[in-house]
1. Any idea how many residues of the range A:31-74 are open to solvent by 10 Å² or more (accessible area, probe 1.4 Å), part of a helix (DSSP H, G or I), modelled with pLDDT of 95 or more and not hydrophobic (A, V, I, L, M, F, W, C)?
2. Would you mind telling me which numbered condition in (1) free of Cβ contacts under 8 Å to residues at least 12 places away in the same chain; (2) of a type in the set (Phe, Trp, Tyr); (3) within 27 Å of A:VAL178 (Cβ to Cβ) D:TYR175 fails?
3. Among the candidates B:GLY122, B:GLY143, single out the residue that is at the interface with chain C (Cβ under 10 Å from one of its Cβ atoms), touching a residue at least 60 places away in the same chain (Cβ under 8 Å), open to solvent by less than 10 Å² (accessible area, probe 1.4 Å) and among the small types (Gly, Ala, Ser).
4. Taking into account only those residues within the range B:154-166 that are crowded, with 22+ Cβ neighbours inside 10 Å and at the interface with another protein chain (Cβ under 9 Å from one of its Cβ atoms), which is farthest from B:SER57 (Cα to Cα)?
5. Report yes if some residue within the range C:76-92 is closer than 28 Å to D:ASN28 by Cα, in a loop (DSSP other than H, G, I, E, B), out of contact with any strand residue (DSSP E or B) (no Cβ under 6 Å at 6 or more places or on another chain) and not hydroxyl-bearing (Ser, Thr, Tyr); otherwise report no.
6. Scan the range D:185-236 residue by residue and report those that are closer than 16 Å to D:GLY22 by Cβ and open to solvent by 30 Å² or more (accessible area, probe 1.4 Å).
7. May I ask you to list the residues in the range D:80-113 that are surrounded by 20 or more Cβ atoms within 10 Å (Cβ to Cβ) and small (Gly, Ala, Ser)?
8. Output the residues belonging to the range A:32-56 that are touching a residue at least 12 places away in the same chain (Cβ under 8 Å), within 21 Å of A:THR113 (Cα to Cα) and either more than 7 Å from every other protein chain (Cβ to nearest Cβ) or among the charged types (D, E, K, R) (or both).
Protein chains: 4
Amino acid sequence: MTSLGEVFLWELLGTAILTLMGCGVVANVSLSKSLGVGGGWLLVNFGWGFAVFAGASIAEPSGAHINPAITFGLAITGDVSWGQVPVYILAQIIGAVLGAVLCWAAYKLQFDTTEAPADTRGIFCTGPTVPNAPWNLVTEIIGTFVLVLWIITNPPASPGDTPGVPDFGNAALGYAAVAFIVIGIGNSLGGPTGYAINPARDLGPRIAYAILPIRGKGSPEWGYSWVPIAGPIIGGVLAGLLALALPISS
Amino acid sequence: MTSLGEVFLWELLGTAILTLMGCGVVANVSLSKSLGVGGGWLLVNFGWGFAVFAGASIAEPSGAHINPAITFGLAITGDVSWGQVPVYILAQIIGAVLGAVLCWAAYKLQFDTTEAPADTRGIFCTGPTVPNAPWNLVTEIIGTFVLVLWIITNPPASPGDTPGVPDFGNAALGYAAVAFIVIGIGNSLGGPTGYAINPARDLGPRIAYAILPIRGKGSPEWGYSWVPIAGPIIGGVLAGLLALALPISS
Amino acid sequence: MTSLGEVFLWELLGTAILTLMGCGVVANVSLSKSLGVGGGWLLVNFGWGFAVFAGASIAEPSGAHINPAITFGLAITGDVSWGQVPVYILAQIIGAVLGAVLCWAAYKLQFDTTEAPADTRGIFCTGPTVPNAPWNLVTEIIGTFVLVLWIITNPPASPGDTPGVPDFGNAALGYAAVAFIVIGIGNSLGGPTGYAINPARDLGPRIAYAILPIRGKGSPEWGYSWVPIAGPIIGGVLAGLLALALPISS
Amino acid sequence: MTSLGEVFLWELLGTAILTLMGCGVVANVSLSKSLGVGGGWLLVNFGWGFAVFAGASIAEPSGAHINPAITFGLAITGDVSWGQVPVYILAQIIGAVLGAVLCWAAYKLQFDTTEAPADTRGIFCTGPTVPNAPWNLVTEIIGTFVLVLWIITNPPASPGDTPGVPDFGNAALGYAAVAFIVIGIGNSLGGPTGYAINPARDLGPRIAYAILPIRGKGSPEWGYSWVPIAGPIIGGVLAGLLALALPISS
């Protein structure tokens, strides 16, 4: 069993890699002086998917949650104890802030030279194309429900492993699989809200955006920020509850 | 062996995930206020492929058919008993309706604001670019024949597993493989008819489109609906018959 | 060991699936009334790559060559006997013709309605963007050399398996790996000549194009047809010769 | 243990395949008479990623470094002895020159006919969209840090294997995994500088560009060339130092 200190360390590191690379791909497609500018939605989704691949395979010792919605879902099913939940979530949020700051450093010159600096919030955190909190919430709930249901219904890691993302007996396979699921959710369910499906991935970079000295930056849109927190948590909890009712052999 | 009740449950759930995500990617590329609008054919195919990946890996206990053409092909080869066939198919159709309804919920605001509401049928079910029933049937037969032949000629799951999609001894590998096959069929053979290659995937969402209160919606085009049912079933049966004649070691 | 009759059967079937799907993706991106029209080079490459995945995994019992350049390379290294070579190649060419005919059937209505029927040759066989036989030959030699060198330097199938494409102990992994190599060669070395890298894949569909009753079709360009035969064979033989000189542990 | 001579041979061959295919994809998207022209950033990244897949799986006997930053990182952690480092790096640089020359041969006719011959340097080596050495260095450090940290924190190859890229017990899996990481870094962190993340990949082709008789070629921009050498080495060393401090079970 991984110690709580190690859980904190690996979740922080994995989530930092996740938001460094995930925010990075959006910076790449949206900042004027970037080689990937205008690269399209499939590029964004492969960006986030392989960000999950990288972050999850680094965070293997802690079960590679790197997402509070997964931690909540696994707490509902009893795979993770409620006492561990705050440690996971704190590490995930701090890591997510850190990764977003590193993304800003990697793209510093592009932030300085972009033609639409007020639109840079979307690099850090999600927002709806049609603002309407209840239906935006529904979209985030459905997307996260698919993610967490998939995680819970698939084979757990080997006995003795820390509960988390299934690794199918091989880290490369398991983290490729979860990357494909995230790419799939982005392709299919990311259109309306930009698919947070992870409260830390949204809140952490939003905090970074509020703090960082980005030239001509816009509002962090705190008014919307509760939706990509509440939606994924509800989706994860619903998936955990459904899993309890399903005849899953463990 | 999985019980008939569990077959029903898992096929329903897996097919619901399939059409939720599959219809979702078409919604994403075609609704005006969606982030993936205009995303192109490769995005659509990765969307459907990873929808198969998600749905099949969730429906593992029932053999992950989530497609009546596969169930028919495996009934021809004797891997599935004919008595089970109606249970599979009923679950697949009900699941497919349910997934399409969830897709509509996820994209509710985009349906409400799209610039061409009468063209939304293509999000739910397939249609030919050049209408001509016999040749449209040929296209669907060929595409499904490739899918089912691939499934039957590849190693069966471990002894004792429910017959279905090959898992190559590892669920992540098997379902990635079938996803690659579906992406490949979409890339290569999906151009003329939008590749149903699965009667439930077409009929279920078509029923949902007929029923759902979509603003300004068009016709569900019932006149074409038999083609994406008959074509895939014929293709699956032909693949099963060829497989019986091939020297496949089991 | 697979019998010669079975080698013939599986190579024919596998190569037919290869050209059905491979020519299919080019039809999809180039025929006016196809859903993938204008889909771009990455779509073409994923199309051919997953065509290799499908064809190779079906042709597993014969070693999944489905390409005379691979058969020649493995004859040079002694893994395949020279007596078997004509059986492999004959099956590959017949299969390639058959697959191209099926592709035409799948896209019959799109061939009938395309705006540039004289340009349909490129759907079936390759051609250079800048005609110059010696340098076109160099391009095909280099591309095929990479393919066959990769095949020969990677772990052979389990002892007792028919020599051919490495399967890394698992068919899904091996054929995904060779698909990635083909996608990579298309991405990187396909720009000048359209990457035949397989004499059967080019000659078979060229014969089909010459024979099929395609409305308003152009010339099959027989004058160029020797380049995508000679280049890949030279590339495969060179890779086999280099492999003989390398310290590869078997 | 692989002998030093074999290390030299395999690293040279693997790095040659890497730059042949990697430079090839940039040639394909940027030369006027190439089939992939204008193919976009995702195509470039899949090109480099599958170039790594091909090169790494060929260079398996030497640990598949094919990148001095990885060699330095593994020297810091003590997995590779400092005495071997010069052999690795010399082979990598020579191989990288050789691969770039082969890329030029494959695209000879396209170099001769391109509309912007002075802009061909970008096919061979990287350059910043906004020149500023310190921040360009930061970008290269961060990108390489992710690559080398991922390599070091993931399971080492089987005991007795040459230390290098993790193979997760299966070469196809391991090299697909590192390819996904490289595609991910390109998607997410490649926008500002074109992601060298490998000193040999940049220096070798830059030397080739300086030497090759390319019609109307531009400057090799030697003034920038130290950044894609220093940045990746610093990133690799930092990842090695962090790894020493992390509680990684070996």
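The values are calculated or read from the model by the stated rules, or taken from the named source; none is laboratory data. Because the structure is predicted, anything quoted here is derived from the model rather than measured. Cβ sites come from the backbone with ideal geometry, for glycine too, and all protein chains shown count toward neighbours. These accessible areas exclude ligands, DNA and RNA; they are computed on the full protein's heavy atoms, side chains included. Shrake-Rupley method; radii C 1.70, N 1.55, O 1.52, S 1.80 Å.
1. Counting residues in the range A:31-74 that are open to solvent by 10 Å² or more (accessible area, probe 1.4 Å), part of a helix (DSSP H, G or I), modelled with pLDDT of 95 or more and not hydrophobic (A, V, I, L, M, F, W, C) gives 0.
2. The one condition D:TYR175 does not meet is (1).
3. Details: B:GLY122 fails: open to solvent by less than 10 Å² (accessible area, probe 1.4 Å).
Only one candidate passes the filter, namely B:GLY143.
4. B:ASN154
5. Of the residues in the range C:76-92, the ones closer than 28 Å to D:ASN28 by Cα are none.
No.
6. Those that are closer than 16 Å to D:GLY22 by Cβ and open to solvent by 30 Å² or more (accessible area, probe 1.4 Å): D:LEU203, D:ILE207.
7. D:ALA91, D:GLY95, D:ALA96, D:GLY99, D:ALA100, D:ALA106
8. As a first pass, look at the range A:32-56 and keep what is touching a residue at least 12 places away in the same chain (Cβ under 8 Å): A:32-34, A:41-56.
From the residues that got through so far, the ones that are within 21 Å of A:THR113 (Cα to Cα) too are A:32-34.
Matches in the range A:32-56: A:SER32, A:LYS33.
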